[in-house]
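The values are calculated or read from the model by the stated rules, or taken from the named source; none is laboratory data. None of the values given here were measured: they were computed from a predicted structure. Cβ placement follows ideal geometry from the backbone for every residue including glycine, while neighbour counts extend to all protein chains displayed. Note: accessible area is taken over every heavy atom of the protein model, side chains too, but ligands, DNA and RNA are not part of it. Shrake-Rupley method; radii C 1.70, N 1.55, O 1.52, S 1.80 Å.
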Amino acid sequence: MKKRLLVLLGALLVVLMTGCGSNSVQSESTAKNSDPKVKKIIVGTGTQFPNICFIDDDGKLTGYDVELVKEIDKRLPEYEFEFKTMEFSSLLLSLETNKIDFIAHQMEVNEERQQKFLFNDEPYNVFPLQVVVHKDNPSIKSIKDLKGKKVIVSATSNSAVLLDKYNKEHGNEIEIVYSGSGSTDTITQIKNGRADATISTPFAVDFQNEQADAEQKVVGDVLSNSKVYFMLRKDESDLKEAIDRTLKEIKADGTLKELSTKWLGADYTDQ
């Protein structure tokens, strides 16, 4: 009887110690989850934007925009950010229909977007767009050489907006086609000659050449050096102010420059 009692007491002691241990090692994320005052924010992003938001070799969502959002989340105890990934073309509709609270995907301001959505005030990157062709293509050296050519871009992207504007000003001389599966489709179509060019950034081209043997090169002058922002719903003014305040801190202490250099190969921030 005594032996059985000792065994039961020992088991109870183990349970009590385990319980105490699990409570004392609560992570910051768990603490946020359990705090009813913390507001959950769903962040929409993609998985096929090289260096910006993509799935790495370990199956982890990462990149410049992703890691910046994580850094902002660390500094805003009143919010908890959770990523929701989707095709880029679905991001605007998801924001409009309240499925996400803001977009982190190198969003450039334009009139159409401003009518529907809210941008934060503090830019976090400068987005240099240039013409990109196959490395063995000697005939295309600038956007002027795209007349009569087929150029592939993602629908609703900065590149698509730029090309559409250019076409309106130059008699629709460029044939614009839209990629079916992000960067993979673009790489394939330029490699096999079904498309003549795309519009992208130097850091995206470097990444694709290294990781996917894209065989691409950047040509001509920078077509657009637009600042990029996070895009929110119109009713998220409090969140916008919190993001802007935190971004200024991240810029001031050098963290933003470090993230840009790590993920994009140079300092593309607006300091």
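A few notes on this one:
- Applying a threshold of 6 Å to beta carbon distances and a minimum spacing of six or more residues, or different chains, the list of pairs starting in the range 77-102 at a residue that is within 12 Å of I41 (Cβ to Cβ) and ending at one that is open to solvent by 40 Å² or more (accessible area, probe 1.4 Å) and at pLDDT 95 or above reads Y79/K39; E80/K40; I100/K84.
- Selection within the range 94-124 - surrounded by 14 or more Cβ atoms within 10 Å (Cβ to Cβ) and at positive phi: Q106
- Selected residue (only one of T261, T269 is farther than 30 Å from D196 by Cβ, assigned to a loop (DSSP other than H, G, I, E, B), of a type in the set (S, T, Y) and within 17 Å of the chain's Cα centre (by Cα)): T269
- Pick from the range 190-207, criterion part of a strand (DSSP E or B) and not aliphatic (A, V, I, L, M), ranking: modelled with the lowest pLDDT: S200
Condition check ((1) surrounded by fewer than 14 Cβ atoms within 10 Å (Cβ to Cβ); (2) within 30 Å of D136 (Cβ to Cβ); (3) at pLDDT below 95) across all residues:
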site: N209; (1), (2), (3): no, yes, yes
site: A212; (1), (2), (3): no, yes, yes
site: D221; (1), (2), (3): yes, yes, no
site: Y229; (1), (2), (3): no, no, no
site: L232; (1), (2), (3): no, no, no
site: D244; (1), (2), (3): no, no, no
site: L256; (1), (2), (3): no, no, no
site: L259; (1), (2), (3): no, no, no
site: L264; (1), (2), (3): no, yes, yes
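- From the options I187, I176, residue that is under 25 Å from T45 (Cβ atoms) and either touching a strand residue (DSSP E or B) at 6+ places or on another chain (Cβ under 6 Å) or in a strand (DSSP E or B) (or both): I176
- Residue match in the range 142-152 (condition: open to solvent by less than 30 Å² (accessible area, probe 1.4 Å), under 15 Å from S89 (Cα atoms), outside any loop (DSSP other than H, G, I, E, B) and at pLDDT 95 or above): yes
- Failed criterion for D238 (all others in (1) touching a residue at least 24 places away in the same chain (Cβ under 8 Å); (2) within 25 Å of E96 (Cβ to Cβ); (3) open to solvent by 30 Å² or more (accessible area, probe 1.4 Å); (4) among the acidic types (D, E) hold): (1)
- Flag if I250 is touching a residue at least 40 places away in the same chain (Cβ under 8 Å) and under 22 Å from Q114 (Cβ atoms): no
- Residue list for the range 60-90, restricted to those being of a type in the set (A, V, I, L, M, F, W, C), in a helix (DSSP H, G or I) and at pLDDT 95 or above: V66, L68, V69, I72
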